[in-house]
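S.K.: I have a structure I would like to understand better, so I am pasting it below and will then ask my questions one at a time.
Values in this text are rule-based calculations from the coordinates and carry no lab data. Given the structure is predicted, the values throughout are model-derived calculations rather than measurements. Here the Cβ positions follow ideal geometry from the backbone for every residue, glycine too, while neighbour counts run over all protein chains shown.
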Amino acid sequence: MRYPLGLAAAMLALAVVIVAIVWWFDHLRHVQQEADIAIGGVGERAIPIMLANGCAGCHTIQGVPGAQGLVGPKLDSTLNERLYLGGSVPNTSQNMVRWIRFSRQLDPHTAMPSTGISEQDARDIAAYLYALR
């Protein structure tokens with residue numbers, strides 16, 4: 001059976017789009033796995049932790065439903081490019097975990113409260129945030 005040239009081109013374009021989508025999601029999964037290993041967290045657990053601890057009330061967080069807060073900075077793919085957390089602490093994964101747990105100890109004048117959440121919960125959140133693309 002012969003297909004018209006336009007239909008064949010459309011099918012080829014659709015195939016390319018499907019392959020690109022599959023590749024992108026595989027890439028995102030790989031990035032998350034790298035962040036999980038580097039930080040010692042599991043990014044997949046982060047969204048419920050952030051919602052339960054009120055992070056969405058102050059931050060707009062990429063990928064978190066309803067997280068449209070305007071108090072703190074946007075937590076999105078630009079987080080990896082920032083030099084400092086809270087304007088004063090060097091942006092490293094270890095400092096991110098510390099910042100999430102004890103921000104007021106690191107900067108007494110920050111608007112961010114010290115959450116006091118567990119080390120593992122903070123690692124899960126940090127792994128999620130550093131994997132954003």
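S.K.: Counting alpha carbon pairs within less than 8 Å and at least 6 residues apart, what relative contact order, in whole percent, applies to the chain?
M.R.: On the way: 168 pairs, mean separation 40.2, N = 133.
Worked out over the chain, it gives 30 percent.
S.K.: For a label point 7 Å from the Cα of Leu51 along Cα→C-beta, name the residues of region 65-79 whose backbone N is under 11 Å from it.
M.R.: 65-67
S.K.: For Val42 paired with Phe102, estimate the spin-label separation in nm (one decimal), with each label point 7 Å from Cα along the Cα-to-Cβ line.
M.R.: That separation, rounded to one decimal, is 2.6 nm.
S.K.: Determine, from the Cβ-Cβ distance of Gln62 and Ala10 and an R0 of 30 Å, the FRET efficiency 1/(1 + (r/R0)^6), rounded to the nearest 0.05.
M.R.: Details: r = 33 Å, r/R0 = 1.09.
Once the sixth-power term is evaluated, E becomes 0.35.
S.K.: Pulled fully out, how much extra length does the chain show between Arg82 and Val22, if you take 0.36 nm times their separation in residues and subtract their Cα-Cα distance? Display every interim value, and only then the final one.
M.R.: Working: separation 60, 0.36 × 60 = 21.60 nm, distance 2.94 nm.
18.7 nm is the gain from fully extending Arg82 to Val22.
S.K.: Something else now. GNM on the chain, C-alpha springs below 10 Å: top fluctuator among Val64, Val17, Val42?
M.R.: Fluctuation is largest for Val17.
S.K.: OK, next. Using DSSP H assignments, which helices in the chain have an axial alpha-carbon span of 20 Å or above and a mean Kyte-Doolittle hydropathy of 0.5 or higher?
M.R.: Span-like helices, by this rule, are 5-39.
S.K.: Figure the gain on full extension for Val71 and Glu119 (residue separation times 0.36 nm, minus the Cα-Cα span) and round it to one decimal in nm.
M.R.: Working: separation 48, 0.36 × 48 = 17.28 nm, distance 2.40 nm.
Contour length minus the Cα-Cα distance gives 14.9 nm.
S.K.: Taking every pair of alpha-carbon atoms in the chain, what share in percent sits in each 10 Å bin, from 0 to the bin with the longest distance?
M.R.: 12, 37, 26, 10, 8, 5, 2, 0
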